[in-house]
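The structure appears right after this line, and notes come after that.
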Amino acid sequence: MNLAFQEQTVGRHKYSGAPLGGTNEFDKADYAATDKDGNPVIPENAHVRLASAANNDGAQILRRPYSYNDGANFTAERWPPWRQEMEYDAGLFFLCYQSDPRTGFIKLFDKMSKFDMMNQFVTHTGGGLFACPGGVTEGGYIGQRLFEKA
């Protein structure tokens, strides 16, 4: 993909990490900015726009991506048609943290699964949901707050 398409898909400049229209990685994205033709600088279906709290009634998650690259696996069939193939084993582990998946991840994912330009490059292979109880107070026990009434 050419660089401009990659940046439009993500909504950030590839080399600096800055939001489109910005200069530094941690610049605040300007979702109201338009180009000379009146088009949004950050496209309506760009990943950063769809995932931002500003465009999801404040819904947000703490996310941590981890890339991996385990090289290539070579395979050869011993029967017709005797194909030889190479499978590249690389990808991204995506972890996210929030207090309530219903108001965090699920709310964001619903919009992103329908409109995100990045979907054409993503293959989901698994998932899980884990409860992580808060800290323990003196005299208490692990997970105690999970059983207390709000």
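Looking across segment 50-70, not a single residue is touching a Phe, Trp or Tyr at 6+ places or on another chain (Cβ under 8 Å), assigned to a loop (DSSP other than H, G, I, E, B) and open to solvent by 100 Å² or more (accessible area, probe 1.4 Å). List the residue pairs whose Cβ atoms are under 8 Å apart, where the first residue sits in segment 118-137 and is within 26 Å of GLN6 (Cα to Cα), the second is of a type in the set (Gly, Ala, Ser) and modelled with pLDDT of 90 or more, and the two are 6 or more positions apart or on different chains. If the second residue must be of a type in the set (Gly, Ala, Ser) and modelled with pLDDT of 90 or more, the pairs left are ASN119/SER113. For segment 71-102, the candidate set comprises residues that are open to solvent by less than 80 Å² (accessible area, probe 1.4 Å) and assigned to a loop (DSSP other than H, G, I, E, B); within that set, the residue that is farthest from ILE42 (Cα to Cα) is GLU77. Of all residues in segment 1-49, those that are β-branched (Val, Ile, Thr), in a loop (DSSP other than H, G, I, E, B) and either touching a residue at least 40 places away in the same chain (Cβ under 8 Å) or open to solvent by 80 Å² or more (accessible area, probe 1.4 Å) (or both) total 1.
Take the residues of segment 132-147 that are open to solvent by less than 100 Å² (accessible area, probe 1.4 Å) and more than 16 Å from GLN98 (Cα to Cα): which is farthest from the chain's Cα centre (by Cα)? So the residue we want is GLY139. Consider segment 107-131 and keep the residues that are aliphatic (A, V, I, L, M) and either under 17 Å from ALA46 (Cα atoms) or open to solvent by 90 Å² or more (accessible area, probe 1.4 Å) (or both). The one that is farthest from the chain's Cα centre (by Cα) is LEU129.
The values are calculated or read from the model by the stated rules, or taken from the named source; none is laboratory data. If you're wondering where the values come from, they're calculated on a predicted model, not measured in any experiment. Glycine also receives a Cβ, built like all others from the backbone with ideal geometry; neighbour counts cover every protein chain displayed. Accessible surface areas use protein heavy atoms only, side chains included; no ligands, DNA or RNA. Shrake-Rupley method; radii C 1.70, N 1.55, O 1.52, S 1.80 Å.
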